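The values are calculated or read from the model by the stated rules, or taken from the named source; none is laboratory data. Computed from a predicted structure; not experimentally measured. Here Cβ is always computed from backbone atoms with ideal geometry, including for glycine, and neighbour counts include all displayed protein chains. SASA here: full protein model, heavy atoms, side chains in, ligands and nucleic acids out. Shrake-Rupley method; radii C 1.70, N 1.55, O 1.52, S 1.80 Å.
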Amino acid sequence: MKRLFSSFPLMALGASALLFALPLAAWELDPERSRVSATVMQIGPDGPVPRQHEVRRLSGSADTDGTLQLPLRLNQSDVVERLGPLPPWLAGITERPMATLTTQFPPGRLDRLEVGDSLVEELTMTVRSGNAVREESLPVRFTKTGRDQVQVTNAERVALDGQALMADPTLRSVLLLLGYEQIGDEVPVSLDALLVKTGDS
């Protein structure tokens, strides 16, 4: 089974997924071990060629009621590295959030997991980009890998709508700078994040 999402910002990629990670204020994402990977199929004269991209250094913590807000910035992706020195019109936006993802996870469920156990939750997330607001749901798997850490992955195949990404003016400009004049209809996304407990809830 797969999910095909229609119009997230590219930054929100499975970052989409990541946001649902945090259940309590005492749980935080480890930026060094939290990322979303995406495969963009570049369509060229010699046929489709898969290209890998990442959104890294995902960070955030949840309120006591399990509400998490995760701003996503261009400089969290590998886009800046691949582009090199940016043109003036684009350089200023790398620090600004391109999208903000908000979700809520029921507090306490991670605490009740035993090490080695996992659970799958269908979480609702809201993606805000400029004046656009979109809501989606996504099944996420939480696996307790240690007393104070939980691995977070998507529980099924997830893909963004490639044509919707190309239709967004800002994202299309970035994709064109990367050499993508045409991409495939789907952009598969995978989440690999680590939650760590930083104190008592």
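Please report the accessible area of Val158 (heavy atoms, 1.4 Å probe, ligands and nucleic acids excluded) in Å², nearest 10.
For Val158, solvent-accessible area is about 10 Å².
Ranked highest first by the average count of other Cβ atoms within 10 Å around their residues, in what order do 148-156, 166-174 fall?
Answer by packing, highest mean first, reads 148-156, 166-174.
Among 31-37, 71-77, what's the highest-first ranking by average C-beta atoms within 10 angstrom per residue?
71-77, 31-37
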